[in-house]
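Accompanying notes for the structure given below.
Only the coordinates and a few stated rules stand behind these numbers; no lab work does. Everything quoted here is computed from the prediction, not taken from an experiment. In this analysis, Cβ positions are derived from the backbone assuming ideal geometry, glycine residues included, and neighbour counts consider all displayed protein chains.
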Amino acid sequence: MRGDPLAEVCARAARLRGRAERVRLGEVTVRDLCRYAIAVGDDEYAAAARAAAAAGRPVVAPPMFLTSILSWQDGPPEGELRPDGLGAQESPCTEGLPVRQVHGGQAVRLLAAVAAGMTIHAERSLTGADRKRGRAGDFVVLGLRTEYFDGSGTPLAVSDESVIVLGDADEA
């Protein structure tokens, strides 16, 4: 690709800034919660959640469950992943560009408990794109906000994160 891919990332971001995309993620299941807990090494939570479900008691999600899920779909086949291992949904403003991405950080506000049986909706928007210069060259910091709601619209959590977009050294 000719031109400046980081300038294109900024141009795409300018067109998307402030536009929110609301999606229905689906219903949280006890199995989802147990899989998450086991993935983060909390086997005790998984056992307690299964026991609560078997007894007909509510199963409340671990605090960071919502904001830790990259995608609620099955995910793209390996051949459709970007060279940095991310799918298109996790790669805003970069489709077709010779760039790499790394997660820059995340700030999370938990607003209400999440429980098995809830239907979750998310609203994601791009909040900014700032081009910067570091020792290794130029990069772009994308700001993303994801707000999570239950089926009745009650806010559950807000995640503000940054994604660092780097020019692909192989293309330079």
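Here are a few things to note about the model shown:
- Couplings for the stretch 43-51, taken from phi via the Karplus curve 6.51 cos²θ - 1.76 cosθ + 1.60 with θ = phi - 60°, read 4, 5, 4, 4, 5, 5, 5, 5, 5 Hz in order; Gly and Pro are left as x.
- Whether the stretch 5-166 is rounded, prolate or oblate, judged on the alpha carbon gyration tensor where a/c under 1.5 counts as rounded: prolate
- Rounded FRET efficiency, nearest 0.05, which uses the C-beta distance separating residue 15 from residue 123 and R0 of 22 Å: 0.75
- Put simply, the amide H of residue 26, placed in the peptide plane, has neighbours under 5 Å in 120, leaving out anything fewer than 5 places away on its chain.
- Taken along the Cα-to-beta-carbon direction at a fixed 7 Å, the label points for residue 95 and residue 131 span 2.3 nm.
- Take the Cα of residue 154, go 7 Å toward its beta carbon, and the backbone nitrogen atoms of the stretch 97-127 under 11 Å from that spot belong to 112-115, 118-119.
- Taking amide H as placed 1.01 Å from N in the peptide plane, the amide H of residue 168 sits under 5 Å from that of 99, 100, each at least 5 places away or on another chain.
- If the chain linking residue 23 and residue 64 were pulled fully straight, counting 0.36 nm for each residue of separation and taking away their Cα-Cα distance, it would gain 12.8 nm.
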